[in-house]
Amino acid sequence: MSRASRYQGKNIIVTGAASGIGRAVVLRLVEEGAMVLAVDLNSEGLQGTLASAEVLAGSGGRATSACLSVTDESAVREAIGSFVKSTGHLDALINMAGILASAHTAETSFETFMRIVQINLGGTFLCCREALPYLVESKGNIVNAASTSAFFGHPYMAAYSASKGGVAALTQALSREYMASGVRVNAVAPGGIATPMVAAQADNFPAEADMSLFMHLSRPDRQLGEPEDVAGVIAMLACDDGAFVNGAILRIDGGTHG
Ligand SMILES: NC(=O)c1ccc[n+]([C@@H]2O[C@H](COP(=O)([O-])OP(=O)(O)OC[C@H]3O[C@@H](n4cnc5c(N)ncnc54)[C@H](O)[C@@H]3O)[C@@H](O)[C@H]2O)c1
């Protein structure tokens, strides 16, 4: 099957779609023929994603958007329900919405810790919960955003790492719980992808951070991956090419954590 037709007739929801990896996923899936609901709280970024998707519309794919926070229970329920009502079914949910903040752990407020966990883990849970009844109907699948930080001890990112460890555990719990229903649940674990999140992070390490603690986590050539490197793997996981992949947490880091 050609790249242009792998997602023909497929309806997919992508969160975090206004930027970085989420935007690259929307564009890749539209290019492959999917009908995509792009979800984010950044309306300007969403418009940029839709404009880029428009250029690819010749493939038969199309994107619409919903501007909301993935932590807003009723908005998430409404957006997923309306998308399924208008398209007929849901084939996959790609949860990429997330935030990153770094700090010395002893100086991290409980409020900051909880905010990161609420968005990264709580938002992923909510979207999964609301999409699952539709995915059971279609025997669809979910791809979540974990991170290498969940497994390899990224300093100054305790809250973020804990939230991503939670996403990995949530992914594996759901994959087993829904296996008999024919729903697959996987996650990607990127490490060092050139996105606005990582660019902002570079300027925001805490004062007196010991950057040598990161040396074993980066490539000798300091090369980062591109959002498209992750989007291609997600596109494989979320269609029939990934039919026998379930409960996997796929590391996408160019070997830095090997
Ligand atoms: N870039 C990396 O190196 C890297 C590594 C590991 C994991 N990840 C994960 O991949 C995902 C995408 O990251 P990215 O690098 O593309 O970052 P990004 O900042 O470019 O994109 C994240 C998007 O999530 C959206 N978002 C944040 N909070 C939201 C909320 N409450 N509701 C809806 N949308 C919200 C933002 O507006 C933004 O558009 C994140 O979950 C991130 O943690 C990224």
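Quick one: is Val136 hydrophobic (A, V, I, L, M, F, W, C), touching a residue at least 24 places away in the same chain (Cβ under 8 Å), surrounded by fewer than 19 Cβ atoms within 10 Å (Cβ to Cβ) and closer than 21 Å to Met236 by Cα? Break it down stepwise before answering.
Values: hydrophobic (A, V, I, L, M, F, W, C): yes; touching a residue at least 24 places away in the same chain (Cβ under 8 Å): yes; surrounded by fewer than 19 Cβ atoms within 10 Å (Cβ to Cβ): yes; closer than 21 Å to Met236 by Cα: yes.
Yes.
Please find, within segment 183-227, the residue that is nearest to the ligand (Cβ to nearest atom) out of those that are within 30 Å of His89 (Cβ to Cβ) and of a type outside the set (Lys, Arg). Even if it seems obvious, please write down each step before you answer.
First, the residues of segment 183-227 that are within 30 Å of His89 (Cβ to Cβ): 183-190, 227.
Applying the additional criterion that residues be of a type outside the set (Lys, Arg) yields 183, 185-190, 227.
On the way: Val183: 21, Val185: 16, Asn186: 14, Ala187: 10, Val188: 8, Ala189: 7, Pro190: 4, Pro227: 6 Å.
The selected residue is Pro190.
Of all residues in segment 44-78, those being within 18 Å of the chain's Cα centre (by Cα), hydroxyl-bearing (Ser, Thr, Tyr) and more than 10 Å from the ligand (Cβ to nearest atom) number 2. Is it true that some residue in segment 8-26 is out of contact with any helix residue (DSSP H, G or I) (no Cβ under 7 Å at 6 or more places or on another chain), open to solvent by 40 Å² or more (accessible area, probe 1.4 Å), in a helix (DSSP H, G or I) and away from the ligand (no atom under 13 Å from the Cβ)? Taking every residue of segment 8-26 in turn, none turns out to be out of contact with any helix residue (DSSP H, G or I) (no Cβ under 7 Å at 6 or more places or on another chain), open to solvent by 40 Å² or more (accessible area, probe 1.4 Å), in a helix (DSSP H, G or I) and away from the ligand (no atom under 13 Å from the Cβ). Taken over segment 88-118, the criterion of being part of a helix (DSSP H, G or I) and buried (at least 19 other Cβ atoms within 10 Å of the Cβ) is satisfied by Ile116 alone.
Checking Leu37 against (1) free of Cβ contacts under 8 Å to residues at least 60 places away in the same chain; (2) touching a Phe, Trp or Tyr at 6+ places or on another chain (Cβ under 8 Å); (3) more than 16 Å from the ligand (Cβ to nearest atom), which single condition isn't satisfied? Unmet for Leu37, out of (1) free of Cβ contacts under 8 Å to residues at least 60 places away in the same chain; (2) touching a Phe, Trp or Tyr at 6+ places or on another chain (Cβ under 8 Å); (3) more than 16 Å from the ligand (Cβ to nearest atom): (3). Checked across segment 155-163, the condition of being within 15 Å of the chain's Cα centre (by Cα), within 30 Å of Asn11 (Cβ to Cβ), within 13 Å of the ligand (Cβ to nearest atom) and surrounded by 17 or more Cβ atoms within 10 Å (Cβ to Cβ) holds for at least one residue. Of the residues in segment 91-98, at least one is of a type in the set (D, E, K, R) and more than 10 Å from the ligand (Cβ to nearest atom).
Scanning segment 209-227 for residues that are without any contact (Cβ under 8 Å) to a residue 24 or more places away in the chain and among the charged types (D, E, K, R) returns Asp221, Arg222.
Kindly indicate which of Ala150, Ala180, Ala173, Ala189 is closer than 19 Å to Cys239 by Cα and either buried (at least 17 other Cβ atoms within 10 Å of the Cβ) or within 18 Å of the chain's Cα centre (by Cα) (or both). Please lay out each step first, then the result.
Values: Ala150 fails: closer than 19 Å to Cys239 by Cα; Ala180 fails: either buried (at least 17 other Cβ atoms within 10 Å of the Cβ) or within 18 Å of the chain's Cα centre (by Cα) (or both); Ala173 fails: closer than 19 Å to Cys239 by Cα.
Residue meeting the stated conditions: Ala189.
Ser2 fulfils the conditions (1) hydroxyl-bearing (Ser, Thr, Tyr); (2) away from the ligand (no atom under 13 Å from the Cβ); (3) at pLDDT 95 or above except for a single criterion, (3).
The values are calculated or read from the model by the stated rules, or taken from the named source; none is laboratory data. Computed from a predicted model, the values in this text were never measured in an experiment. We place every Cβ from the backbone using ideal geometry, glycine too, and count neighbours over all the protein chains shown. Just the protein is used for accessible areas: all its heavy atoms, side chains included, with ligands, DNA and RNA removed. Shrake-Rupley method; radii C 1.70, N 1.55, O 1.52, S 1.80 Å.
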